[in-house]
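Undergrad: Below: one structure in structure tokens.
The values are calculated or read from the model by the stated rules, or taken from the named source; none is laboratory data. Predicted model only: the values in this text are computed from it and were never measured. Reconstructed Cβ throughout: ideal geometry from the backbone, glycine too, with neighbour counts over all protein chains shown. In case anyone asks, the SASA skips ligands and DNA or RNA and just uses the protein heavy atoms, side chains included. Shrake-Rupley method; radii C 1.70, N 1.55, O 1.52, S 1.80 Å.
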Amino acid sequence: MINRRTFTRAVGLGVGATAVSAGAGASGPAAFAAGSARPAPVIPAIAPGTHTAFAELKQVRAGLLDIGYAEAGPKHGPAVICLHGWPYDIHSFVDVAPLLADAGYRVIVPYLRGHGSTAFLSPATVRNAQQSAIALDIVALMDALGIHKAVLAGFDWGSRTADIIAALWPERVRALVSVSGYLVTDVPSQQNPLPAKAEHTWWYQYYFATERGRLAMETKQNRHDLCRLVWDEVSPTWQFDDATFERTAAAFENPDYAAIVIHNYRWRLGLADGERRYDRYEALLAARPVITVPAITLDPALDPFLAGTDGSGYRNLFAGPYEHRVLAGVGHDAPQEAPTAFAQAVVDADRL
């Protein structure tokens, strides 16, 4: 575990299963989280796509970045930070944020480095997307916004980032909602081949390992079409329209987007170096630290990246109050496909 004083110095240097359907919140006992005397708000059911935009977008300097973020809800409400994945952006939470704001939460939804309006403060900073660098961005954001402790909720890159903060800085996390469970990357294990079907699902990861893939990400039309294909493949029943995708695709026009995406996937495969300033954190993460904060893990039943949805593969890595839920009929972009169930998981996790 890294204490807050050590982290601040580093940044200064630059550094159980409940089935839930897609359209509804948790039913019955899920409205009251186990072990808590406080009743959890019951999130009203809404159709995905009810909201199309955030009311307010802001910028704040934090660590190495000028971070763009959406904010909703009361300024002094308990904080929730929602973290997106790839190839997505803050609009994965465009329906979730108002639901949580109406439940009394201060909701912060940042663009990750290389996305949207988030920009590096210095042109000399390495465009590094290794996992600990992104996690440190979010802790720096919390410091910049005066948030000592927050519920962290994410999917894909966002789950990984939230998991890392919960593991290394548990004093900063009220509770955790992690789609696909424990996603901390173990780089050495990434050298081992997966079953053929799983390797096929990860096709773009291997494409990005080539110069051809890098050029595709640097070319606007190729990037656009590749990301759209990924949306179609990993959310097989989500009937999104062109406008929904284009709203998010605008975030891919960040000048650092291609560099960040390519580095992230190459680093995971051991094909790109990280920076020495992050070695201490990566060494801790390589030990597979157990997450002790209250947590709810969500497995979307139609997510092609999941070998199974019972959560058994990572259950031993969560040692605190815990629930596991399956999102029936939902693909990879869980918060956008099932906003009510995702928001309900946040308020329930906060009361575990």
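Undergrad: Using the per-residue mean of other Cβ atoms lying within 10 Å as a proxy for protection, in what order, highest first, do the peptides 56-69, 128-141 fall? Working shown, then result.
TA: Details: 56-69: 18.4, 128-141: 24.1.
Put in order of decreasing packing, that is 128-141, 56-69.
Undergrad: Next question, about the same structure. How about the stretch 293-352: which trypsin sites (Lys or Arg not before Pro) there lie in a loop by DSSP and see at most 11 other Cβ atoms within 10 Å? Before the final figure, lay out the partial values.
TA: Values: sites: Arg315, Arg325, Arg351; in loops: Arg351.
Answer in residue order: no site qualifies.
Undergrad: If you filter the stretch 231-291 for GluC sites (Glu not before Pro), then keep DSSP loop positions with at most 15 other Cβ within 10 Å, what is left? List each step's numbers first, then the result.
TA: Values: sites: Glu233, Glu246, Glu253, Glu275, Glu282; in loops: Glu275.
Those that pass, being in a loop and sparsely packed, are Glu275.
Undergrad: By how many nm would the segment from Asp225 to Glu253 grow when fully extended, if each residue of separation counts as 0.36 nm and the alpha-carbon distance is taken off? Write out the running numbers ahead of the final one.
TA: Working: separation 28, 0.36 × 28 = 10.08 nm, distance 1.34 nm.
That pair, Asp225 and Glu253, stretches by 8.7 nm at full extension.
Undergrad: Hey, any idea what Rg/Rh is for the stretch 198-302, computing Rh the Kirkwood way over Cα pairs? Could the numbers behind the result be given before it?
TA: Values: Rg = 16.7 Å, Rh = 16.4 Å.
A ratio of 1.02.
Undergrad: Using helices alone, I'd like the mean residue ellipticity at 222 nm for the chain: each DSSP H run of four-plus residues gives -39500 (n - 2.57), total over residue count, nearest 500.
TA: For the chain, the value works out to -9500 deg cm²/dmol.
Undergrad: In addition: Cut-off 11 Å, label point 7 angstrom out along Cα-to-Cβ of Thr201: give me the residues of the stretch 298-340 whose amide nitrogen falls inside.
TA: Hits in the stretch 298-340 for Thr201 at 11 Å: 300-309, 332.
Undergrad: Let me ask something else about it. Give me the 1.4 Å probe accessible area per residue for the stretch 205-352, excluding ligands and nucleic acids, in Å². Please list the in-between numbers first.
TA: On the way: 5910 Å² over 148 residues.
Accessible surface, normalised per residue, equals 40 Å².
Undergrad: Hey, what does the equivalent ellipsoid look like for the chain, semi-axes from the Cα gyration tensor as sqrt of 5 times each eigenvalue, largest first, whole Å?
TA: Values: eigenvalues 148, 108, 89 Å².
Semi-axes from the Cα gyration tensor: 27, 23, 21 Å.
Undergrad: Can you tell me the alpha carbon radius of gyration of the stretch 91-167 divided by the globular rule-of-thumb value 2.2 N^0.38 Å? Walk me through the numbers before you get to the answer.
TA: On the way: Rg = 13.2 Å, N = 77, 2.2 N^0.38 = 11.5 Å.
Here the answer is 1.15, to two decimals.
Undergrad: Label points 7 Å out from Cα along the Cβ direction at Ala307 and Phe245: separation in nm?
TA: 3.1 nm
Undergrad: So, with a 1.4 angstrom probe, what is the percent of accessible area on the chain that is carbon and sulfur? Could the numbers behind the result be given before it?
TA: Numbers: 7600 of 13680 Å².
Result for the chain: 56 percent of the exposed heavy-atom area is carbon or sulfur.
Undergrad: Where does the charge balance sit around Thr309 when Lys and Arg score +1, Asp and Glu -1, over other residues with C-beta under 9 Å from its C-beta? All intermediate terms of the calculation are to be shown ahead of the outcome.
TA: Numbers: positive: none; negative: Asp299, Asp303, Asp310.
Within the 9 Å Cβ shell, the charges total -3.
Undergrad: Hey, another quick one. Can you give the net charge of the other residues whose Cβ lies under 12 Å from the Cβ of Pro300, counting K and R as +1 and D and E as -1? Mind showing how you got there, number by number?
TA: On the way: positive: Arg325; negative: Asp156, Asp299, Asp303, Asp333, Glu337.
Computed value for this residue: -4.
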